[in-house]
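Visitor: First the structure, then my questions, so here it is.
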Amino acid sequence: MAHFASATEYVSLTERKNTKVACIPITSGDGIIGDFCETCALILREFADVDAFVTEMTDVAGLNEAILKKADMVFMADDNACLCRNLNTGATSDNGYATGRGFASLLYLGAGEKIDDEVLILGAGKVGASAWHFLAERGVALRWYDLLEEKNAHGMDPGLLEKTWSRRDWRFIVDATTAPALIDACHVRPGAQISAPGIPFGLTEAALQKSEMVFRDELPTGIMVMFCEGMKNGRC
Ligand code: 2YJ
């Protein structure tokens, strides 16, 4: 899925095992979040089989430590952005856009690469907009909604803004909002497929029960698409 989402080629296990990835704690803004960096490193070790570690130092000193330890790639996040950068090639990936592509891919692949009904994108931030563009490129019929409406279109077609989305049910939904329990059973058609990267989780228990397929996680999909995008354009 992550290769499909990032349009990248498979990287051999040998190469991945020799790839060093530093996760750098960043103290600005709201500061260090629990074990955010440890979780990123764990995801990268478990799913990408790379040599991932958390730097002992934070911020600029952490970046310097990553360089001195010959990291091939760094991951770091503050309140505004969560980025990965390949220090050898310059390839960079933004978690918001990567997460949107990842969850759009899950929906698309889950539907057997033929989505034959409209997909409703809820939330027009980086995640929702990137899911929109990923699916639009594949000819999928789309509708979208965001609380800020046209002011937050991010390249999505204002003509396809669905102000009354909550008055009907949908077969396909991408929930990229921050609204809890936004999607209830009445919005979900039996057999629905839903991709739900939004935090917190946006489905009620009844909506969850009525859906056939729900894709959900809070970090691994985005981190893995970022990793693949960071490995783009040649070896690490
Ligand atoms: O290093 C740390 O532990 C913290 N500075 C991690 C902060 C993590 N923050 C995020 O991932 C934000 N969701 C970044 C993107 C926000 C864009 N709305």
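Visitor: Give me the Debye-computed log₁₀ of I(q)/I(0) at q = 0.15, 0.23, 0.25 Å⁻¹ for region 32-131, equal point scatterers on Cα only, no solvent, two decimals.
Guide: -0.74, -1.28, -1.40
Visitor: How would Ser130, Ser211 line up from fewest to most surrounding beta-carbon atoms within 10 angstrom?
Guide: Result, fewest neighbours first: Ser211, Ser130.
Visitor: Taking H as built 1.01 Å from N, whose amide H comes closer than 5 Å to the amide H of Glu162, not counting residues under 5 places away?
Guide: Amide H neighbours of Glu162: Trp144, Tyr145.
Visitor: I've got another one for you. For region 155-220, what does the alpha-carbon gyration tensor say about shape, rounded, prolate or oblate, given a ≥ b ≥ c as the root eigenvalues, a/c under 1.5 as rounded, and a/b over b/c as prolate?
Guide: oblate
Visitor: Among the lysines, which have Cα under 24 Å from the Cα of Lys17 when same-chain residues fewer than 8 positions away are ignored?
Guide: Within reach: Lys69, Lys70, Lys232.
Visitor: With springs only between Cα atoms under 10 Å, which of Gly102, Gly34, Gly110 fluctuates most in a Gaussian network model of the chain?
Guide: Result: Gly34 has the largest fluctuation of those listed.
Visitor: Which residue, Glu65, Glu15, Glu38, has the most motion in a Gaussian network model of the chain that connects Cα atoms within less than 10 Å?
Guide: Among Glu65, Glu15, Glu38, the largest GNM mean-square fluctuation belongs to Glu15.
Visitor: For region 172-178, take each phi angle, set θ = phi - 60°, evaluate the Karplus expression 6.51 cos²θ - 1.76 cosθ + 1.60, and give the result in whole Hz per residue in order, putting x for glycine and proline.
Guide: 10, 9, 10, 9, 10, 9, 10
Visitor: Here is a follow-up. To make sure I understand, if each residue's beta carbon is the centre and we count other beta carbons within 10 Å, what order do Lys232, Lys163 fall in, fewest to most?
Guide: Fewest-to-most Cβ neighbours within 10 Å comes out as Lys163, Lys232.
Visitor: A further question follows. Compute the projected area of the convex hull of the Cα atoms of the chain, averaged over all viewing directions, and report it in nm² to one decimal place.
Guide: 12.9
Visitor: Between Met213 and Thr14, what is 0.36 nm times their sequence separation minus the Cα-Cα distance? Round to one decimal in nm.
Guide: Length difference between fully extended and current span is 68.2 nm.
Visitor: Between Ile33 and Leu68, what length in nm is gained on full extension when 0.36 nm per residue of separation is reduced by their alpha carbon distance?
Guide: 10.1 nm
Visitor: Helix 220-230: angle to the longest alpha-carbon principal axis of the chain, degrees 0 to 90, nearest 10?
Guide: Around 60 degrees separate the two axes.
Visitor: Still on this structure, please answer the following. Once both labels are modelled 7 Å past Cα along the beta-carbon direction, what's the Lys151-Ala81 spacing in nm?
Guide: For Lys151 paired with Ala81, the spin-label model returns 2.4 nm.
Visitor: Sticking with this structure for a sec: HN-Hα J couplings of region 56-66 from phi, Karplus 6.51/-1.76/1.60, θ = phi - 60°, integer Hz, Gly and Pro as x?
Guide: For region 56-66, the Karplus curve yields 6, 8, 10, 6, 5, 5, x, 5, 4, 4, 4 Hz.
Visitor: What residue among Gly198, Gly31, Gly100 has the largest mean-square fluctuation in a Gaussian network model of the chain, using Cα springs under 10 Å?
Guide: Looking only at Gly198, Gly31, Gly100, the biggest GNM fluctuation is shown by Gly31.
Visitor: Could you work out the helix-only [θ] at 222 nm for the chain, with each DSSP H run of four or more residues adding -39,500 (n - 2.57) and the total divided by the number of residues, to the nearest 500 deg cm²/dmol?
Guide: Helix-only estimate at 222 nm: -9500 deg cm²/dmol.
Visitor: I've got another one for you. Report, ordered by chain and residue number, the lysines lying within cross-link reach of Lys210, taken as a straight Cα distance under 24 Å and ignoring same-chain residues fewer than 8 apart.
Guide: Lys114, Lys163
Visitor: Something else about it: Using a ≥ b ≥ c from the Cα gyration tensor of region 91-186 (square roots of the eigenvalues), is it rounded, prolate or oblate, where a/c under 1.5 gives rounded and otherwise the larger of a/b and b/c decides, a/b for prolate?
Guide: rounded
A short reminder: the numbers here are calculations on the coordinates, not readings from a lab. Predicted model only: the values in this text are computed from it and were never measured. For neighbour counting, all protein chains shown are included, and Cβ atoms are generated from backbone atoms with ideal geometry for every residue, glycine included.
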